[in-house]
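The values are calculated or read from the model by the stated rules, or taken from the named source; none is laboratory data. Source: prediction; values computed, not measured. Here Cβ is always computed from backbone atoms with ideal geometry, including for glycine, and neighbour counts include all displayed protein chains. Surface areas here come from the heavy atoms of the whole protein model, side chains and all, with no ligands, DNA or RNA. Shrake-Rupley method; radii C 1.70, N 1.55, O 1.52, S 1.80 Å.
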Amino acid sequence: MVVSGILSYGLTYLIPSEYFFPESKLGYGYIGFLRRLVGSFFLSMAAYIVINNLDTSEKLQQTKLENEQFKQAHLRAQLLSLQQQISPHFLFNSLSTLKTIATDGDTKNFVVQLSHVYRYLLNFSERQVSRLSEELAFINSYLYILHQRFDTALIVSINVPERFMNYIIPPLSLQLLVENAIKHNAISPDQPLLLTISINQNDEMVVENNYQPKNVPAESTGLGLQNISDRFRLMFNKEIRIDNTNDKFSVTLPIISHEHYHH
């Protein structure tokens with residue numbers, strides 16, 4: 001207000017009278033001072049509102065950035081928790097299967113595939129995305145181990161054209177969906193679980209299985225599907241789709257090219 005008042009008086013002497021307010025309107029003495037004071041008040045309030053809005057906008061942007069960083073840190077911690085939950089249980093089942101393999105050739109191949117799985121599990125936490133070719137190589141090793149356990153009770157079909165191999169996907173997305181299908185469905189040679197991994201006409205990845213729920217439903221926290229959904233939303237700003245009918249359960253994952261991701 002002081003600066004505005006000084007400017008008001010200063011402009012009176014700097015600007016020729018024909019370009020300024022007529023004396024009869026501005027006034028002199030006490031009345032002139034009050035008019036200048038009121039004018040200074042409104043001018044200072046306008047300046048305050050503009051500066052405050054700019055400051056508030058900057059703080060909101062900073063808060064939004066900090067929230068996004070917090071979400072990413074939370075997702076990394078949650079994914080690490082998933083890894084720690086998967087590893088001991090998966091290792092136990094794999095070693096149990098290893099005892100049932102008779103020939104040395106099969107044993108060696110099993111151990112090689114198991115090493116591929118754990119190498120991927122240990123390395124994925126260092127990055128937020130994987131090429132589809134890497135994810136499929138991992139899932140093939142993972143499925144090899146599962147087939148030793150379930151044999152003909154698990155039938156998997158993977159149909160992904162070569163041109164999509166450089167597309168990007170969050171690591172462990174396919175593994176979590178395969179594990180989810182096995183966890184919640186009855187599996188037996190007489191009632192095999194049929195699982196397909198393919199690309200639809202919209203260039204999206206679809207993981208689908210026949211729906212045959214267990215007589216006693218498995219306990220579920222929904223953490224796996226929620227984690228996949230959160231990562232696609234945060235990293236790609238895209239949503240996954242979940243479709244559940246009487247006989248089918250499918251999850252559609254949006255995938256993007258490696259070049260588009262880096263742009």
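Descriptive notes on the structure:
- Any hit, the range 180-187, residues being modelled with pLDDT under 95, among the β-branched types (Val, Ile, Thr) and open to solvent by 30 Å² or more (accessible area, probe 1.4 Å): yes
- Number of the exception - residue 102 against (1) at pLDDT below 70; (2) part of a helix (DSSP H, G or I): (2)
- Annotation for the range 208-220: at least one member residue is without any contact (Cβ under 8 Å) to a residue 60 or more places away in the chain, of a type in the set (Phe, Trp, Tyr) and more than 25 Å from residue 115 (Cβ to Cβ).
- Test result for residue 213, closer than 17 Å to residue 133 by Cα, touching a strand residue (DSSP E or B) at 6+ places or on another chain (Cβ under 9 Å) and of a type outside the set (A, V, I, L, M): no
- Only residues that are open to solvent by less than 70 Å² (accessible area, probe 1.4 Å) and more than 25 Å from residue 193 (Cα to Cα) were counted across the range 129-147, and they come to 2.
- Among the conditions (1) part of a helix (DSSP H, G or I); (2) open to solvent by 80 Å² or more (accessible area, probe 1.4 Å), residue 201 misses just one, which is (1).
- Checked against the criterion of being buried (at least 16 other Cβ atoms within 10 Å of the Cβ) and at pLDDT below 90, the range 148-166 contains one or more residues that satisfy it.
- Any hit, the range 226-244, residues being within 15 Å of residue 158 (Cα to Cα), in contact (Cβ under 8 Å) with a residue 12 or more places away in the chain, under 21 Å from the mean Cα position of the chain (by Cα) and in a strand (DSSP E or B): no
- Top-ranked residue in the range 128-145 [being polar (S, T, N, Q) and not in a helix (DSSP H, G or I); ranked as farthest from residue 72 (Cα to Cα)]: 130
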